[in-house]
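Report on one structure; see the data block that follows.
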Amino acid sequence: MSKRQIIIVLLFFSSINLFSQDYEWKIFTYEDSLNHVPSKGVRDILITSLGDVIISTSKGYANGYNSNAGLFKYNHQNWDTLFIGSNSDYPSSTDYIWGFIEDQHGVIWVATEGGLLKIDKMNSVLLTKSNSELPTNTLQDILIDSNNSLWMASYDKGLIKYSDGNWQFYDTNNSNIANNNILDIALDRNGKVWLGSNGSLSMFDNESFVNYFSNDSLNLEYISSISFDNSNNVWCSSYYSSFISNFDGENWKTYNFRQILNRNSNYNSFEIIFDNDGRLFAVGPYGVAIFNNHTWNFIDSKNSNLIEVFPNNLSIGCISIDKLNNMWVGTSYGFATLNIDLISGVSLTNYTPRKMEFSLNQNYPNPFNPSTKISYSIPEEGKVKLTVFDILGRKIQTLVNEELSAGSYEVEFNTSASSATAKSFSSGVYFYRLQVSPSSGSGQGFVETKKMLLLR
């Protein structure tokens, strides 16, 4: 850290804008028969590859209400119950759900205090340290990478990786990881894993950890959320302090919410996330804060209807953003959705998610050396084949050749000598082609080819 400049940016009230228009949220509560939510105490929100919304609730997380702990899926019309902790055969510790993710095959993986829960087409299996190689039952967060490998943050056993039945563990005894108690985990645009703990932020590149620690100029106390902007700069927020910090690889910048809001008490941010336009969204006791890299704007009880339904506690604990820039936020009373790009007063009642279509995206980075990532989407189950050709049309490598469920996928094309599938690749133009044959036999197949450039 001695080689890196620490910059503390103290932002004053002049940099704040409260949106002048009123924002009308579509709000879901337990008591509302029309816009109903199956349980209070929404702790986390996931937007699936098909645009459905899954919420998690944890026991005791609701205000004045003993909420049902579980997972519930909303398809913009009806609710489906995926899991109820108290009504299952699993221990009561699974009532505490701290994170969940959807893999490339539509399987939901859930991090709980009772182990790793796998939910596959309404069937569920609980992996624990008693029936698997899992070193601890207390998991605090989970993510999945482009290879469909699971990465888990644990309470006391560091970082855990699970891939194709194989387990790997990284703790203070066998690696240079900063802390065994990991509070949050995130994946950056280059596939590196970032870990938030109390007093430290760590980056893992599949070989070793780079650690950043709190000091007199940098507060990394109880990191609650990690996110990445369009330039892959890391941002983090804290459970117990008023700071949001970001790091561009050389310099740290810190935003002090106590000064931004001109308040004496701490205003912590529970979760931060970037939308599709590169804006930062932060949620906490203040409502929703939005940062466009120049100005902070706020949506709160003064310019929205949140206070009408959540009268005793405006605090928002989680946020997710779908492909249409709709915010979905969770509170201890229920959850709500709003698109800030819509004209004030336009109802979200008739909101329907955009139908997923076949798509093949441009590889990133491009040009590349030695590896690049290719992402694609399919709207229905089908046989998928992704193939790489040289400039003469000769097949070089098959990256994907299997039956896949509807969803969005990403695969790596690696030309390095250390890659198990690598051949002798020279600089030049290559092509990659996606072919999809739907299992339904509808005949609406898909073929698209794109060009990429390898520079040695």
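The values are calculated or read from the model by the stated rules, or taken from the named source; none is laboratory data. Computed from a prediction, not measured in an experiment: that's the story for all the values here. All Cβ positions, glycine included, derive from the backbone under ideal geometry; neighbour counts span all protein chains shown.
Mind listing just one residue for me: the one in the stretch 139-154 that is within 10 Å of Ala111 (Cβ to Cβ) and not aliphatic (A, V, I, L, M) and, of those, nearest to the chain's Cα centre (by Cα)? Don't jump to the end; show me each part of the working.
Residues of the stretch 139-154 within 10 Å of Ala111 (Cβ to Cβ): 139-143, 150, 152-154.
The next check asks that each one be not aliphatic (A, V, I, L, M); those that pass are 140-141, 154.
Values: Gln140: 14, Asp141: 10, Ser154: 17 Å.
It comes out as Asp141.
Name the pairs whose Cβ atoms lie under 7 Å apart, with the first residue in the stretch 352-373 and assigned by TED's automatic domain parsing to the domain that holds Gly407 and modelled with pLDDT of 85 or more, the second of a type in the set (Gly, Ala, Ser) and assigned to a loop (DSSP other than H, G, I, E, B), and 6 or more positions between them or separate chains?
Pro370/Ser416; Ser371/Ser416; Lys373/Ser146
Out of (1) buried (at least 18 other Cβ atoms within 10 Å of the Cβ); (2) modelled with pLDDT under 95, the odd one out for Asp156 is which?
Of everything listed in (1) buried (at least 18 other Cβ atoms within 10 Å of the Cβ); (2) modelled with pLDDT under 95, Asp156 misses just condition (1).
Going through the stretch 215-237 one residue at a time, which ones are modelled with pLDDT under 85 and of a type in the set (D, E, K, R)?
Hits for the stretch 215-237 are Asp216, Glu221.
Assess whether Val193 counts as being surrounded by fewer than 20 Cβ atoms within 10 Å (Cβ to Cβ) and closer than 22 Å to Ser371 by Cβ.
So Val193 fails the test.
Please go through (1) touching a Pro at 6+ places or on another chain (Cβ under 8 Å); (2) free of Cβ contacts under 8 Å to residues at least 24 places away in the same chain for Val107 and return the number of the only condition it doesn't satisfy.
The number of the failed condition is (1).
For the stretch 250-264, indicate whether the set of residues that are buried (at least 21 other Cβ atoms within 10 Å of the Cβ) and farther than 30 Å from Asn176 by Cα is non-empty.
There is at least one residue in the stretch 250-264 that is buried (at least 21 other Cβ atoms within 10 Å of the Cβ) and farther than 30 Å from Asn176 by Cα.
Can you find a residue in the stretch 233-241 that is among the aromatic types (Phe, Trp, Tyr) and surrounded by fewer than 20 Cβ atoms within 10 Å (Cβ to Cβ)?
Checked against the condition, which is being among the aromatic types (Phe, Trp, Tyr) and surrounded by fewer than 20 Cβ atoms within 10 Å (Cβ to Cβ), the stretch 233-241 yields at least one hit.
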